[in-house]
Structures are given as C-alpha cells and as structure tokens.
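The values are calculated or read from the model by the stated rules, or taken from the named source; none is laboratory data. These numbers come from a predicted model, not from an experiment. Cβ sites come from the backbone with ideal geometry, for glycine too, and all protein chains shown count toward neighbours. These area figures cover heavy atoms from the full protein model, side chains too; ligands, DNA and RNA do not enter into them. Shrake-Rupley method; radii C 1.70, N 1.55, O 1.52, S 1.80 Å.
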Amino acid sequence: MIRKIITTGLFAAALTMTARDNGNTIRVAYDCTSRTLATNRDFDKNRMILAATPEQSIYFNETSLYCDSMTSTPEGKKHLSEIQLAAWVTQTPDGGMMIDTTRGNAPKKSVHTYVTKKTATGKMTVYGKWGDEDGKYNEPLNGIEWEIAEDSISNILGYECVMATADYHGRHWKVWFTPEIPLSDGPWKLHGLPGLILSAESDGDFRFEATRIESSGKNIPTVYKQDNYSTVDRRKALANEEYSIQNREAMLNAKYGVKLTISNIDSNGNPTKKKDYDRQRFCIETDF
C-alpha cells in the first residue's frame, strides 16, 4: 500500500514525540557516497554526523567542525597551522620546501556543508562553499511530498524500516525510515517522515547509509564563524559552483595572471583524461 504525505507539520509533531521519549541528543553517523570528478576513482565517501534534539538538529563533518572551531580564535588557528605544517612540509634535496597535504594525520577541512534545522522557526539553513565563496541560505521545513510504501520493509542496524520515495530539487530519492525512532529528520536536507531516515539513495549517484546510532548527553554543535557566510540564492550558488568547476583553469589564470594547466594524474603518475562534467550525475541538486 502506498500513502502520500507532505512534510508540513510532521517535523514538529514527530520531534514532540521524541521529546517525550528521549531527552538526549541523538547522534547518527552516515557514510555518504557521491560521484567524483577525480580520475582515479568513481566515488568519494565521507563520514557525516546528524546530531538532533526535539528542537533542532545539525548535519556536519566532524573533522571540518574541528578545523572551524580551531580557526575561530587566533590561538586555535595558530595551533592548527603548526600541526598541519609539521605533517605536510618536507625539505627537498635542493634545500627547497614541498607541501603535500595527503601526508600524515593532520586535520584538514574538506567538507564545507552544514545543514541546521529548527522547529521553532520552521526553517533549515544550509551553509556551504560554492565556487570560492562561503554562503548560506534558508529553506522551509515543508514541501517534500513523500510516498510511503507501507508494505516495503527492511532492517537497518536492528531497526525495522519502511520505504518512502520523493522527488526533491531535481532528484528522485528512495529512503528507508524507522518509526521506532520517531524523529522526523535524516541526512543532509532530507526530513519530514514519521521516523528517522537511516538510508537514502538517488539514481546510484548519491547514497547515505547510517552506520551508528547513539544517545548522547552532548550539546548540539554550532556553526562557527557564521558572520563569514554571506546570504546567497540557492540556485545562483549552485550555478556558480558549476561554472567554477567547468572553468577552473581559466579562473586560476585570471586570478594569478599566469598560464596554468590542471593535469590529471593516475596512481602510477600517468596523465589521464579529464571526466566530462554532467550535473545529472555530479550535482546532488539539479534544478538550477
């Protein structure tokens, strides 16, 4: 049996149920897989966290949050720089210096996305980096029209889950949510079902899979340096990101006033063909 629901009102209602049942923060770890333009692999994988209470939630990458917390103060910024330089910088035989950010275990901000959701305002705020600029924009916590297939059942991390599907910002999503955790939330922007989303997939290009769920007494983290994020239009920001990807060499040449060539090298040091950019495969939102 298929049942249609729209997210309006469900977010607050489900969180109220969770407030009655569990006053702690719920932390969910997700493995997030997405297509990559890197020539030596087809997909990238990042570990993301959803931290949620009945009133609010934040979706973030722990390493990026740590780097942002450190760089939010002069002392922390200096300390982080020292850690990174000690790991990344080596001296060449001719007395020069070489920087390789893949060396060592120094933390590096590689994921720029934060998504916060607040029931009091009925809004979610998305923080990110599009092109070379940090930006943020708001969206309402409603409007996703889900179709719930109540006879489609799966088990994820020991929780009984129900399948639902929806078209959202240009993509078709299939998700599995568990009514056993009545939290109307999920990874990234996905929300609005009568249960926590533990798995989500879109056309084989993007996938979120919960790997750990725990109850925590920790406070909800905050987005650091919020004043550094300018307010942007969602569609314009996505278009700017697409333009910067397609015109990276020209933009670098204009910025530095020299002729630069971006080479793609495989694991053996051989040049490889650059992948063709296709927003239908590489963009999590395609409606811009």
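Residues in the range 19-73 that are β-branched (Val, Ile, Thr) and either closer than 19 Å to VAL223 by Cα or open to solvent by 60 Å² or more (accessible area, probe 1.4 Å) (or both): THR25, ILE26, VAL28, ILE49, THR53, ILE58, THR63, THR71, THR73.
Is there a residue in the range 230-245 that is surrounded by fewer than 12 Cβ atoms within 10 Å (Cβ to Cβ), at pLDDT 90 or above and under 25 Å from GLN56 (Cα atoms)? Yes, some residue in the range 230-245 is surrounded by fewer than 12 Cβ atoms within 10 Å (Cβ to Cβ), at pLDDT 90 or above and under 25 Å from GLN56 (Cα atoms). No other residue among LEU190, LEU183, LEU141 is under 19 Å from GLU209 (Cα atoms), open to solvent by less than 30 Å² (accessible area, probe 1.4 Å), modelled with pLDDT under 95 and of a type outside the set (D, E, K, R) apart from LEU183.
If you take just the strands (runs of 3 or more DSSP E) that sit entirely in the range 35-122, which of them hold at least 1 residues that are within 24 Å of ASN138 (Cβ to Cβ)? Give the derivation first.
Details: elements: 43-52, 56-60, 89-91, 97-99, 114-118.
So the answer is 43-52, 56-60, 114-118.
Just to check your reading of the model, which residue among ASP100, ASP134 is under 23 Å from the mean Cα position of the chain (by Cα) and open to solvent by 30 Å² or more (accessible area, probe 1.4 Å)? Spell out the reasoning first.
On the way: ASP100 fails: under 23 Å from the mean Cα position of the chain (by Cα).
Residue meeting the stated conditions: ASP134.
With respect to the conditions (1) open to solvent by less than 80 Å² (accessible area, probe 1.4 Å); (2) over 22 Å from the mean Cα position of the chain (by Cα); (3) of a type in the set (Val, Ile, Thr), THR125 lacks only one, and its number is (2). Listed conditions (1) open to solvent by less than 10 Å² (accessible area, probe 1.4 Å); (2) modelled with pLDDT of 95 or more are all met by MET163, apart from (1). Just for the range 180-215: of the residues that are touching a Pro at 6+ places or on another chain (Cβ under 7 Å) and of a type in the set (Gly, Ala, Ser), which one is nearest to CYS32 (Cα to Cα)? Here the residue is ALA200. The residues of the range 204-221 that are at pLDDT below 95 and of a type in the set (S, T, N, Q), listed by number, are SER215, SER216, ASN219.
Scanning the range 38-93 for residues that are of a type in the set (Ser, Thr, Tyr) and within 27 Å of PRO182 (Cβ to Cβ) yields THR53, SER57, TYR59.
The residue of the range 208-229 that is surrounded by the fewest Cβ atoms within 10 Å (Cβ to Cβ), among those that are over 19 Å from the mean Cα position of the chain (by Cα) and outside any helix (DSSP H, G or I), is GLY217. Among the conditions (1) acidic (Asp, Glu); (2) modelled with pLDDT of 95 or more; (3) in contact with a Lys or Arg (Cβ under 9 Å, 6 or more places away or on another chain), the only one that GLU150 does not satisfy is (2). The set of residues in the range 152-194 that are outside any loop (DSSP other than H, G, I, E, B), among the polar types (S, T, N, Q) and under 23 Å from the mean Cα position of the chain (by Cα) comprises THR165, THR178.
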